[in-house]
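Before any comments, here is the structure.
The values are calculated or read from the model by the stated rules, or taken from the named source; none is laboratory data. What you see is a predicted model; the values in this text were computed from it and never measured. Glycine gets a Cβ as well: all are built from the backbone with ideal geometry, and neighbour counts include every protein chain shown. Heavy atoms of the whole protein, side chains included, go into the accessibility calculation; ligands, DNA and RNA do not. Shrake-Rupley method; radii C 1.70, N 1.55, O 1.52, S 1.80 Å.
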Amino acid sequence: MIPSFVRKAAHAVPLASLAMAASLAMAAPTQGPAGIAFYTAPSSIPSGSNGDLISYRATTVNLGTGAPGVNAWKVMYRSTDSLGAPNIVTGTVLVPTKMWSNILQARPVVSYAVGTHGLAQGCAPSLQLEQGTDYEAANINAALTAGYAVLVSDYQGYTTGATPTYLAGASQGNAVLDIVRAATQIPLGGTSSNAKVAIWGYSQGGQSAAWAAQRQAAYAPSVNLVGVAAGGVPGDFLTTAHYLDGGNGSSFLFGGIIGLSTQYPTAIPLNDLTNAAGKAAITRGKQQCVFESLFDLMNKNVSEFTVNNQSLDQILNTLPAAKQAVLAQDLGADKVSVPLYQYHGQADEFIPLAQAVSLKKKYCSKFSNVTFDVYPSEHIVTQFQAAPKVLGWLGDRFSGKTAAGTCSYGGADPQTTANPVNGNFVVSLKEWLLTASVGLKTLGQTVTMPANSSFTADADITAKRLTGALNVPDFKQTLSIIGLPIQVGLSVRPTGQTTGTVALDNAGQLKIRGTAYADIVVTSVLGIPFGECKTTSPVEFPINFDGPVSSLGNGKLTFTGTTSFPSIKGCFISAILSTLMSGSGQTYSFTVSPKAPVQY
């Protein structure tokens, strides 16, 4: 029999509690203090309703170059945890300063459910947005640029002295819903209680978005929800836990154990279950943000940190209440009442693809308006590659367009292409699209490489090693030479591998240093072949990049610079070609991006 606290975790707050809360007068929100003092929670949770704004404060955010102007507030508001008890949550409200384009419609709202940030208080999205270190800023910017108000809940646990209840699904879903109402209570805040609302999240955020979708009808019916986008969703908790245990994403499992033990302390007595190494890892984990924890716990097994080195399954089989608490995080038991866009990476090394496919089928068995896309990339890349498609889909929901869904798909299930989940953390770029051009200095003209060019590479983040190769089919380009349009056949032939280093720091900043080598061959002029008219040595193309990890998926992984073309030898017009094409100061631009998703 499932304990009562677990039943509450999977269902709405009891109606009697809601009625009692609604009957109490809501205290007027106050302006909170500056700095970290804002995160000091009241000594007791104010009585009232879910989504009541407790305090707010105008703030500034650093969203990076090209971000639209916004008015921003930190908020502290009342919500409900996974056991049905009231809790206090913080977050950020962002409203573009530019007027919404449709004066007859309230500005649409996107409640953006963040992914894993880490357990330390400084990892809180509201603090990282303020400091300019939030790795999800690219997606938030994209939603703001579309004109939407964006609400970013920190989830429970980032108030001073608390521990996040990481991966406690109902609590996260509640927080994502309740910030919508809280935002409307900011004086002159710019959001409306009748605005159309969409929820968007990925990974932990995808879990939160899906929980919010399941709970909204009963928990927050006043939220005018029109669509939910949930990507990289851990819908089957034990399957995902087994996938992570001992793998390169084991930090997410360890964070989940800490988070769930915080939400269910009686069912999961973590202190009694862990050995000295486990207690040290817990202390350390509570002081780390996501990327620091990722590398610290890579390839670690749960059994290394438990009393008598028990495995996860051994512990759960011994503690039925703990197992039920874990199973209570599973998704798909309840109907989603609004269109759902679910998506996943085919090469996801952290969240298994198969369980995401199963979740789609569960939802489709109850509700036909589910669209499921599979992107070709791994977990981090998919988060950002999907953003344009997500925003287009959400925009259609805001405009009232009907979503067709893909529940009728009857073909074969997509199969994972993930790299091994144990060992080094490797991001593979498998025949990524290459958009490339070279600026010829003497001619003052640009050579554009063919559209079917590609770049394949393995970025071993653990070993900090990059290996890859260019693939540029032979092509023809018309160049203006002494005022005449001359068609020139060209070949860019890689010599050896592209090699270099790649690193991902604790703030989610990607650093690449490498070099691609290629012979430049002129194969014909005016359709006349000339044999091997090629550079006397390979051209060096430095591929250096510094920027956010989001660049892997959002089409902004671009390498630019200048290089030198050696002289050209091998045919009777070599001297002329060398004069026109050789020398220093040649510019280049290479942009690599993953392939399009496939719908299932």
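Figures for the structure shown
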{"item": "Members of segment 7-50 found to be within 13 Å of TYR219 (Cα to Cα), at pLDDT below 50 and part of a loop (DSSP other than H, G, I, E, B), listed by number", "result": "HIS11, ALA12, VAL13, PRO14"}
{"item": "Members of segment 281-308 found to be in a helix (DSSP H, G or I), surrounded by 15 or more Cβ atoms within 10 Å (Cβ to Cβ) and of a type in the set (Val, Ile, Thr), listed by number", "result": "ILE282, VAL290, VAL302"}
{"item": "Hits in segment 128-176 - residues which are of a type in the set (D, E, K, R) and out of contact with any Ser or Thr (no Cβ under 8 Å at 6 or more places or on another chain)", "result": "ASP134"}
{"item": "Qualifying positions in segment 317-350 - open to solvent by 10 Å² or more (accessible area, probe 1.4 Å) and part of a helix (DSSP H, G or I)", "result": "ASN317, THR318, PRO320, ALA321, LYS323, GLN324, VAL326, LEU327"}
{"item": "Complete set of residues in segment 351-373 that are surrounded by fewer than 24 Cβ atoms within 10 Å (Cβ to Cβ) and among the aromatic types (Phe, Trp, Tyr)", "result": "PHE367"}
{"item": "In segment 251-276, the residues that are under 24 Å from TYR343 (Cβ atoms) and without any contact (Cβ under 8 Å) to a residue 60 or more places away in the chain", "result": "SER251, LEU253"}
{"item": "Test for THR402: is it open to solvent by 30 Å² or more (accessible area, probe 1.4 Å) and either assigned to a helix (DSSP H, G or I) or touching a helix residue (DSSP H, G or I) at 6+ places or on another chain (Cβ under 8 Å) (or both)", "result": "no"}
{"item": "Test: residue in segment 562-573 that is open to solvent by less than 50 Å² (accessible area, probe 1.4 Å), closer than 30 Å to THR371 by Cβ and not in a strand (DSSP E or B)", "result": "no"}
{"item": "Whichever residue in segment 70-110 is within 13 Å of TYR155 (Cα to Cα) and assigned to a loop (DSSP other than H, G, I, E, B) and, among such residues, is most open to solvent (accessible area, probe 1.4 Å)", "result": "ASP81"}
{"item": "In segment 55-69, residue most open to solvent (accessible area, probe 1.4 Å) [restricted to those that are assigned to a loop (DSSP other than H, G, I, E, B) and in contact (Cβ under 8 Å) with a residue 40 or more places away in the chain]", "result": "THR60"}
{"item": "Search result, residues across segment 497-526 that are without any contact (Cβ under 8 Å) to a residue 40 or more places away in the chain, touching a Lys or Arg at 6+ places or on another chain (Cβ under 6 Å), surrounded by 17 or more Cβ atoms within 10 Å (Cβ to Cβ) and not acidic (Asp, Glu)", "result": "VAL521"}
{"item": "Residue within segment 363-370 that is more than 19 Å from the chain's Cα centre (by Cα) and either part of a strand (DSSP E or B) or free of Cβ contacts under 8 Å to residues at least 12 places away in the same chain (or both) present", "result": "yes"}
{"item": "Residue match in segment 215-236 (condition: without any contact (Cβ under 8 Å) to a residue 12 or more places away in the chain, farther than 15 Å from ALA328 by Cα and outside any loop (DSSP other than H, G, I, E, B))", "result": "no"}
{"item": "Residue among PRO548, PRO529 that alone is crowded, with 19+ Cβ neighbours inside 10 Å and farther than 20 Å from LEU470 by Cα", "result": "PRO548"}
{"item": "Residue under evaluation GLY173, criteria (1) under 15 Å from LEU340 (Cβ atoms); (2) of a type outside the set (Phe, Trp, Tyr); (3) outside any helix (DSSP H, G or I), criterion not met", "result": "(3)"}
{"item": "Flag if ALA138 is out of contact with any strand residue (DSSP E or B) (no Cβ under 6 Å at 6 or more places or on another chain), open to solvent by 20 Å² or more (accessible area, probe 1.4 Å) and modelled with pLDDT of 95 or more", "result": "yes"}
{"item": "Test for GLY278: is it open to solvent by less than 10 Å² (accessible area, probe 1.4 Å) and assigned to a strand (DSSP E or B)", "result": "no"}
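This table checks each residue for (1) part of a loop (DSSP other than H, G, I, E, B); (2) over 23 Å from SER453 (Cβ atoms); (3) under 30 Å from the mean Cα position of the chain (by Cα).
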site: GLN487; (1), (2), (3): no, no, no
site: GLY496; (1), (2), (3): yes, no, no
site: THR501; (1), (2), (3): no, yes, yes
site: ALA507; (1), (2), (3): yes, yes, yes
